[in-house]
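The structure appears right after this line, and notes come after that.
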Amino acid sequence: MWFSIGKDGPQGGILTPTVFITYHADMPDFLSWCSSHFFADDLTAILAGQIGVKYTQQCLDLEKKLKLFFDQLEYYSRLTVQPINYSKTEGIWSARAIGSAPFEIESGENKINWIKEFKYLGYWISSKLGWGNMIKRSMLKIRQRLAMITHLDFLVKRLFR
């Protein structure tokens, strides 16, 4: 009996992330020179520049590392028949120096966008790695929920007068 196999697994369950992580268990060995982290079907990689050299030299070094990273990731994705979703691929530049990344990232014909912040596992990570955005967003949520509770309290009191 033959049946077709789709590319997607059921969402919200434990099976799909477990199979994904198990299938890609060798990726940290393949990309051993950078720090890579899996969560469900997401990959986060951290690359660092050289310490103790001029900023321009660090930028050149990081540009080379990023090119190598994307070349190896593309090769790995072809070996495992697991395409990279470039529409969800982003980079964040973090440095003590003021300004954004002084170069562009490309993987093949795909341009990778630099962003200032992103949400990962419930935490907002900014390019300066500070807690300010996380605290502001948490305070906004608290204020919104307090306003909802106050409004609900008002409605209940009005309803049962």
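Any read-out appearing in this document is the output of simple, stated calculations on the displayed coordinates, not a laboratory observation. Values in this document were obtained by computation on a predicted structure and should not be read as measured data. Counting neighbours? That spans all protein chains shown, and the Cβs are built from the backbone with ideal geometry, glycine included.
With the chain treated as a Gaussian network of Cα nodes joined by springs under 10 Å, which of Met148, Met27, Met134 yields the largest mean-square fluctuation?
Result: Met148 has the largest fluctuation of those listed.
Which of the aspartates and glutamates could a cross-linker span from Lys64 if the Cα-Cα distance has to be under 18 Å and same-chain partners fewer than 8 positions apart are dropped?
Glu74, Glu90, Glu104, Glu106, Glu109
What number, rounded to the nearest 500 deg cm²/dmol, is the helix-based mean residue ellipticity at 222 nm of the chain, given -39500 (n - 2.57) per DSSP H run of at least four residues and division by all its residues?
Rounded to the nearest 500, the figure is -13500 deg cm²/dmol.
Report for segment 15-117 the percent antiparallel among DSSP-assigned beta bridges with both residues inside it, nearest 5.
Restricted to segment 15-117, the bridges split so that about 75 percent are antiparallel.
Please check: in the Gaussian network model of the chain (C-alpha springs, under 10 Å), which one of Ile105, Ile84, Ile51 has the largest mean-square fluctuation.
Ile51
Among Gly91, Gly99, Gly13, which one moves the most in a GNM of the chain with springs linking Cα atoms closer than 10 Å?
Result for the chain, Cα springs under 10 Å: Gly13 fluctuates most.
Just tell me the longest site-free run in the chain, where the sites are GluC sites (Glu not before Pro) in a DSSP loop having at most 16 other beta-carbon atoms within 10 Å.
Segment 1-103 is the longest.
Rounding to the nearest 20 debye, state how big the charge dipole of the chain is about its Cα centre with +1 on each Lys and Arg Cβ and -1 on each Asp and Glu Cβ.
Charge dipole, the chain, about its Cα centre: 1300 debye, nearest 20.
Please work out the FRET efficiency for the pair Ala25 and Ala97, using the Cβ-Cβ distance as r and a Förster radius of 35 Å; give the result to the nearest 0.05.
With a Förster radius of 35 Å, E is 0.40.
Over 23 Å between C-alpha atoms is what I'm after, so list which of Lys67/Lys111; Lys54/Lys119; Lys67/Lys88; Lys136/Lys157 land there.
Lys54/Lys119; Lys136/Lys157
Of all the Cα-Cα pairs you can form in segment 86-137, what percent are over 13 Å apart?
Percentage above 13 Å: 62.
Under a point spin-label approximation (7 Å from Cα along Cα-to-Cβ), what is the Lys67-Ile112 distance to one decimal in nm?
About 1.4 nm separates the two model spin labels.
Full-extension gain between Glu90 and Tyr55, please, as 0.36 nm times their residue separation minus the C-alpha to C-alpha distance. Intermediate values should be presented prior to the final figure.
On the way: separation 35, 0.36 × 35 = 12.60 nm, distance 2.24 nm.
Once the chain is fully extended between Glu90 and Tyr55, it gains 10.4 nm.
How high is the relative contact order of the chain, in percent, with contacts defined as C-alpha pairs under 8 Å that are six or more residues apart?
Relative contact order comes out at 12 percent.
So how far apart, in nm, are the two label points at Ala147 and Thr18 if each is 7 Å from Cα heading toward Cβ?
Here the answer is 4.3 nm between the modelled labels.
How long are the semi-axes of the equivalent ellipsoid of the chain, defined as square roots of 5 times the Cα gyration tensor eigenvalues? Whole Å, largest first.
Values: eigenvalues 284, 159, 31 Å².
Ellipsoid half-lengths, sorted descending, are 38, 28, 12 Å.
Tell me, what is the Rg over Rh of segment 53-112, with Rh the Kirkwood radius over Cα pairs?
Using only Cα positions, Rg/Rh for segment 53-112 is 1.03.
Taking 7 Å along the Cα-to-C-beta vector as the label spot, tell me the Arg137-Asp41 distance in nanometres, rounded to one decimal.
2.2 nm
Roughly how tilted is helix 132-159, in degrees to the nearest 10 and between 0 and 90, from the longest Cα axis of the chain?
It is inclined by approximately 30 degrees.
Residue farthest toward the positive end of the dipole of the chain, with Cβ of Lys/Arg at +1 and Asp/Glu at -1: which of Tyr76, Ile92, Cys34?
Checked the options; the winner is Ile92.
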